[in-house]
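The block underneath contains the structure these notes are about, expressed in structure tokens.
The values are calculated or read from the model by the stated rules, or taken from the named source; none is laboratory data. Because the structure is a prediction, the values reported are computed rather than measured. Note: ideal-geometry Cβ built from the backbone for every residue, glycine included; neighbour counts use all protein chains shown. The accessibility values were calculated without ligands, DNA or RNA, using every heavy atom of the protein model including side chains. Shrake-Rupley method; radii C 1.70, N 1.55, O 1.52, S 1.80 Å.
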Amino acid sequence: MKGLIILLSFVSAAILYYQLMRIFASGNDYMSRLRRYTALEDIREEKRKPKRRDSSSFLRVTLSKGIGKIRFLDGYKKRIQADLARAHLLLKAEEFLIFEIILFSLFFFLTVLARGFKSWPVAIIIGIAGWVLPSFLLRNRIRKRMKLLNEQLGDAITMMSNSLKAGYSFIQAVDIVAEEMKGPIAEEFAIFKKEVSLGLNTEKALENLSARVKSEDLELAITAVMIQRQVGGNLAEVLDKITETIRDRVRIKGELKAITAQGRISGIVISLLPVVLCLIIYMINPGHMSLLFTRPLGIIMLVFAGFMELTGIVMIRRIVRVEI
């Protein structure tokens, strides 16, 4: 019976978190915002439902303003906003922080509810895991998106080169890539084109593209384009050479990833093994493991173990990482 109550508590918390995400995400849909200015029918529909939208908007704005007033989190919020832009998520950093706070609170209180208040050290650890979970998912989305973008980059530059050979201008070639291709490369080139159409000069828009994407291959192409715009030359030939270089880099990265796969998996297993064993032993014998959290010597041992764990993770990452 107790296990069923715990399961239902976690399910209820997941449903609550999903509903809160829907409330925040619905207000950041740029298409719904544009429809307010382009369709009279949507405006009439909005007027028929003022209370529902006002309540969700009020909750979102109030919580976002509260997080925005915390000044010591400004650096963290800037990094989150940059990551959200790289992941192409229409969220504010304050809203993302609200998600992290909600998950931390849910994981903490549900653990205390399941194991009792004496288990607060473990509850804090599980709460921190809930806090880190959105960031982990965000990083995973960025990594997948950047991988797909780098894979599409060779075809995109080839398409631009062919367009330039056919007599199109550079902006027209970018427009063709944004319209003909799909995925992150089309999204980023569409943002670049939009910035230029709004009055930003091409060099500054290229710098924004490089800072937003943070891809070495794309930065190589952008550097070549900016140099060509300053000194002149045949941009189509330059892009052809860059395409060959990028495709060779992609091929070599794939080979290195296959070679270092065993080392990376070993690092992940070794890093997670102490944490998993600690949680398992705590579930089997809480009194035995609680000595690590209640005795000064146990706390010192945990701090030292955490430091050694982080050192091992950093060393393994440096060993398996090969710069190209």
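Need the failing condition index for L113 against (1) out of contact with any Phe, Trp or Tyr (no Cβ under 6 Å at 6 or more places or on another chain); (2) open to solvent by 70 Å² or more (accessible area, probe 1.4 Å); (3) modelled with pLDDT of 85 or more, just the number.
It fails just one condition, (3).
From the list I157, I98, which one is of a type in the set (V, I, T), modelled with pLDDT of 85 or more and touching a Leu at 6+ places or on another chain (Cβ under 7 Å)? Write out each step before concluding.
Values: I98 fails: modelled with pLDDT of 85 or more.
Of the residues listed, the single one that is of a type in the set (V, I, T), modelled with pLDDT of 85 or more and touching a Leu at 6+ places or on another chain (Cβ under 7 Å) is I157.
Filter region 259-283 down to residues that are of a type outside the set (A, V, I, L, M, F, W, C), over 25 Å from R318 (Cβ atoms) and open to solvent by 80 Å² or more (accessible area, probe 1.4 Å), then give me how many there are. Let's see the steps before the verdict.
Residues of region 259-283 that are of a type outside the set (A, V, I, L, M, F, W, C), as a first pass: 260, 262-264, 266-267, 271, 274, 282.
This time we only want the ones that are over 25 Å from R318 (Cβ atoms), so: 282.
Checking the rest, the ones that are also open to solvent by 80 Å² or more (accessible area, probe 1.4 Å) come to none.
Number satisfying all stated conditions: 0.
Checking F99 against (1) out of contact with any Asp or Glu (no Cβ under 9 Å at 6 or more places or on another chain); (2) open to solvent by 30 Å² or more (accessible area, probe 1.4 Å); (3) not aliphatic (A, V, I, L, M), only one condition comes out false. Which one?
(2)
Report yes if L133 is farther than 18 Å from R86 by Cβ, surrounded by fewer than 17 Cβ atoms within 10 Å (Cβ to Cβ) and touching a residue at least 24 places away in the same chain (Cβ under 8 Å), otherwise no. Spell out the reasoning first.
Numbers: farther than 18 Å from R86 by Cβ: yes; surrounded by fewer than 17 Cβ atoms within 10 Å (Cβ to Cβ): yes; touching a residue at least 24 places away in the same chain (Cβ under 8 Å): yes.
Yes.
Which fully enclosed helices (runs of 4 or more DSSP H) of region 164-226 have 3 or more residues being among the aliphatic types (A, V, I, L, M) and closer than 25 Å to K78 by Cα? I'd like the intermediate steps shown before the answer.
On the way: elements: 170-180, 184-197, 202-213.
The helices (runs of 4 or more DSSP H) meeting that bar are 184-197, 202-213.
Please find, within region 178-220, the residue that is surrounded by the fewest Cβ atoms within 10 Å (Cβ to Cβ) out of those that are of a type in the set (D, E) and within 21 Å of E244 (Cα to Cα).
E216
Condition first: exposed (fewer than 14 other Cβ atoms within 10 Å of the Cβ) and either at pLDDT 85 or above or not hydrophobic (A, V, I, L, M, F, W, C) (or both). Now tell me which residues in region 285-296 satisfy that. Can you show your working first?
From region 285-296, those exposed (fewer than 14 other Cβ atoms within 10 Å of the Cβ) are 285, 287-288, 291, 294-296; that's our starting set.
If the condition is that a residue be exposed (fewer than 14 other Cβ atoms within 10 Å of the Cβ) and either at pLDDT 85 or above or not hydrophobic (A, V, I, L, M, F, W, C) (or both), then N285, G287, H288, T294, R295, P296 are the ones that fit.
Cβ contacts < 7 Å: first residue closer than 16 Å to I268 by Cα, restricted to region 298-324; second residue of a type outside the set (D, E) and open to solvent by 100 Å² or more (accessible area, probe 1.4 Å), any location; separation 6+ or different chain. Result?
Close Cβ pairs (under 7 Å, with a partner that is of a type outside the set (D, E) and open to solvent by 100 Å² or more (accessible area, probe 1.4 Å)) amount to G312/I270.
Yes or no: I80 open to solvent by less than 40 Å² (accessible area, probe 1.4 Å) and closer than 25 Å to R143 by Cα? Before you say what the answer is, go through the steps one by one.
Values: open to solvent by less than 40 Å² (accessible area, probe 1.4 Å): yes; closer than 25 Å to R143 by Cα: yes.
Yes.
Output the residue which, of all residues in region 297-324 that are assigned to a helix (DSSP H, G or I) and under 27 Å from S215 (Cβ atoms), is least open to solvent (accessible area, probe 1.4 Å).
The first filter runs over region 297-324 and keeps only residues assigned to a helix (DSSP H, G or I), leaving 297-320.
Imposing the further condition that a residue be under 27 Å from S215 (Cβ atoms) reduces the set to 313-320.
Details: I313: 57, V314: 75, M315: 113, I316: 48, R317: 133, R318: 183, I319: 130, V320: 32 Å².
Residue satisfying both the conditions and the ranking: V320.
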